[in-house]
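Student: Before I ask anything, here is the structure I am working with.
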Amino acid sequence: MLGKLLKYDMKSLNRFLIVLHTFLLLSALGIRIFLTGRIFADNTAEGTILGLSFLLYILVITAANFGTFIVIAVRFYKNLYSDEGYLTHTLPATKGAHLLSKTISGTIWGTLDMILMGLSIYIVVATPFVMDVYHAHRAEILTEFGFIGRYADLTFPKILLFLLIFSIICAFSSCITIYASVVLGQLFSGHRILGAVVSYFAISTIVSILSFISLAVLGLSTSKDLIYMRSAAGEPFNFVAYMAGVLGLSTLLALIVGIILYILTYVLMNQKIDLA
């Protein structure tokens, strides 16, 4: 039954999010064409079109990111807690199966969203001119960023693997935060959608505070903290080391928060909650 639920949930998300991310990639391709100067010979016209294209790209990439999780939230609410929920709960599937299916589908699309945003940025940035400069000064650039010492063997595939794991865990945590907020909103006697929004901001605020405290304790709240620590120890600031520390801690916190909220959501979903 889980397979059928997952197939249905993916189908419900695909019809909105495929279109949204297609626009994202097309806008990135449009800017890339303008940056390579293949369309307009008139500099004024080219600059105007390029500026409008960047504006469109910023709007599209913002819409893709927020839109992805908004669609995930709306589908979760409508499928389980609106009038549609009466039909959903007649299916021979437990609430735990519904939660797991929606968590998997939401995590998949949350991860795809981050991957496609990264791809679109790469399309825009990696112009022939930029790549030529990079290859001509590769050693100096890598050294300047901190790919030295124990980070010297940090290859591009390893970085991509780490970013993929980071994206999956963050997508899971973001997805389950939304679900927990929706379920907590059902505990309100009225204005349940408003209750879900309030719950989301409350959870996000608590997590942000905990994240800041954790980073501050480890001296990673800002790059200046690490610069000071390195200087005190007689070591140069290493950007790669700083980002590895921040992303590593963020990944761990996201995983812990995600697991706690998943358990909370599962427990609350198994309580008797009236549909809207």
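The values are calculated or read from the model by the stated rules, or taken from the named source; none is laboratory data. Source: prediction; values computed, not measured. Using ideal geometry, Cβ is built from the backbone for each residue, glycine included, and neighbour counts are taken over all protein chains shown. Just so you know, the surface numbers come from the protein's heavy atoms only, side chains and all, with ligands and any DNA or RNA stripped out. Shrake-Rupley method; radii C 1.70, N 1.55, O 1.52, S 1.80 Å.
Student: Which of the helices (runs of 4 or more DSSP H) found entirely inside segment 163-276 contain at least 1 residues meeting this: modelled with pLDDT of 90 or more and open to solvent by 30 Å² or more (accessible area, probe 1.4 Å)?
Tutor: Answer list for segment 163-276: 192-217, 239-269.
Student: Just checking, which of LYS95, LYS78 is free of Cβ contacts under 8 Å to residues at least 40 places away in the same chain, open to solvent by 60 Å² or more (accessible area, probe 1.4 Å), of a type outside the set (A, V, I, L, M, F, W, C) and touching a helix residue (DSSP H, G or I) at 6+ places or on another chain (Cβ under 6 Å)?
Tutor: Being free of Cβ contacts under 8 Å to residues at least 40 places away in the same chain, open to solvent by 60 Å² or more (accessible area, probe 1.4 Å), of a type outside the set (A, V, I, L, M, F, W, C) and touching a helix residue (DSSP H, G or I) at 6+ places or on another chain (Cβ under 6 Å) holds for just one of LYS95, LYS78, which is LYS78.
Student: I've got another one for you. When the residues of segment 134-161 are narrowed to those that are open to solvent by less than 60 Å² (accessible area, probe 1.4 Å) and either part of a helix (DSSP H, G or I) or basic (Lys, Arg) (or both), which ends up nearest to PHE34 (Cα to Cα)?
Tutor: Only one residue tops the list, namely ILE141.
Student: Of the conditions (1) more than 23 Å from TYR262 (Cβ to Cβ); (2) in contact (Cβ under 8 Å) with a residue 24 or more places away in the chain; (3) open to solvent by 20 Å² or more (accessible area, probe 1.4 Å), LEU112 satisfies every one except a single condition; which number is it?
Tutor: (1)
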